[in-house]
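Comments concern the structure below.
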Amino acid sequence: MNPFSRDRTATEIADGVHLLGTHRVNFYIVEEGDGLTLIDCGFQGHRRYLNRWLELKGRTIGDIDAVILTHGHQDHTGFAEELRRQGVPVHLHPDDDHHVRGSLRMKIPPQRLLKSLYRPSAMSLLMEAAGDGVFTQKTLGSYESIPAGATLDVPGRPEVVAVPGHSPGSVSFYLPDRGVLFAGDALMTRDPFFGGDDRAIVFADHTDRNQACLDALPALSHYSSAALLPAHGEPWLEADSVGRAIAEAAIAT
Ligand SMILES: [Zn+2]
């Protein structure tokens, strides 16, 4: 257990779509028939939530057809390499290659977190991350490239939407038959560093790319009527949630 993390109770938030993780970091499982797709992999230690869910459902790692990553940041790639070594294909947009293989420099926390470590909530996040293995998690050995605009042949048949901004290779995934958009960090509904209100925010790992996060949002407007499933913050499940979030999105400072 990690004293700095608060578990979520695994919840089925849409038909065959399950939310797992902690109060700061979400990841999702999509069921389609016997198949499973995992969207993002939290921190390495968050594997415990996946294991618990599989056990509850009477499923195994062998039931997971694919891991699809919204981007290459450390709070999304956590246990992906472990699953890959167990035979699960991992998919990532190649423009985030430098995050998963790169030098130590690329593993440094985002600028706005480093500048604010005096804030208790920021320090608490760093402690959660450290306790769940962020500094020791395994580098992704290889991955399948996600092509922008493609429909992935994995359970849920997600459509890929490129949203470069938060990171160069950020993508969102839309599930047409469930009406949900997995936004990754392209649109968040709560600040993962400092908490606070439920609101639509964006920011980049480097502050000079913050504007690019806003500039990327029109790519999601085609999915305005979908429910918004972010990697940080509560899902917005009402109709037109993605459209509302695009309209209200502000750069988090
Ligand atoms: Zn991120």
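Bear in mind these aren't lab numbers, they're just calculated from the coordinates by the rules spelled out. Predicted model, so just to flag it, every value in this text is computed and none were measured. Cβ placement follows ideal geometry from the backbone for every residue including glycine, while neighbour counts extend to all protein chains displayed.
For Thr189, the test of being under 30 Å from Tyr118 (Cβ atoms), among the β-branched types (Val, Ile, Thr) and surrounded by fewer than 18 Cβ atoms within 10 Å (Cβ to Cβ) is failed. Number of residues in the range 1-39 that are in a loop (DSSP other than H, G, I, E, B) and over 26 Å from Pro120 (Cβ atoms) equals 5. The residues on offer are His91, His46, His98, and the sole one that is more than 13 Å from the ligand (Cβ to nearest atom), more than 17 Å from the chain's Cα centre (by Cα) and under 21 Å from Ala186 (Cβ atoms) is His98. Cβ-Cβ contacts under 6 Å between residues 6 or more apart (or on different chains), taken from a first residue in the range 82-100 that is closer than 14 Å to Ile68 by Cα to a second residue that is aromatic (Phe, Trp, Tyr), are listed as Val90/Tyr143; Leu92/Tyr143. When the range 49-78 is filtered for residues that are buried (at least 17 other Cβ atoms within 10 Å of the Cβ) and either outside any loop (DSSP other than H, G, I, E, B) or away from the ligand (no atom under 16 Å from the Cβ) (or both), the ones remaining, listed by number, are Tyr49, Leu50, Leu54, Ile64, Asp65, Ala66, Val67, Ile68.
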